[in-house]
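Undergrad: Would you mind keeping the following structure in view while I ask a few things?
What follows draws every value from the coordinates through simple rules; no lab data is involved. Values in this document were obtained by computation on a predicted structure and should not be read as measured data. So basically every Cβ, Gly included, is an ideal-geometry build from the backbone, and we count neighbours across all protein chains shown.
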Amino acid sequence: MPPFMRRRPLLRAAAVGGGAYMAGKRRAQAQAGQQDQDAAQDQRLSDLEAQQAAVPAPRDSGDQPAAPSMTDQLNQLADLHQQGVLTDDEFAAAKAKLLGT
């Protein structure tokens, strides 16, 4: 058997082995890149959570106007009654509703 005939199986094995090595190396690099991206995303999420925990909750006292007091509401009803906008029955019903009776 000539010597070049024996080399073909060796060359074929070397080519297959080298291809498999390169494929494995690329796959490992891709997995490492994905792990790096996941770690960076986890870090960003942790930073955002820390920022949200550090920011105090907004207070509602200055954001919304205060509801009128019961005295103011009663005075407004009395003014409407005196102006003739409300009848005696409507005034009595609104006053009872306001007072909760």
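Undergrad: Go through the stretch 82-95 residue by residue and tally those that are among the aliphatic types (A, V, I, L, M) and within 13 Å of residue 70 (Cβ to Cβ). Before the answer, list the steps.
TA: Of the stretch 82-95, the ones among the aliphatic types (A, V, I, L, M) are 85-86, 92-94.
With the extra rule that they be within 13 Å of residue 70 (Cβ to Cβ), the set shrinks to 94.
Final tally of qualifying residues: 1.
Undergrad: Go through the stretch 72-87 and give me each residue that's loosely packed, with under 11 Cβ neighbours inside 10 Å and polar (S, T, N, Q).
TA: The initial filter retains those residues of the stretch 72-87 that are loosely packed, with under 11 Cβ neighbours inside 10 Å, namely 72, 82-84, 87.
Residues satisfying the conditions are 82, 83, 87.
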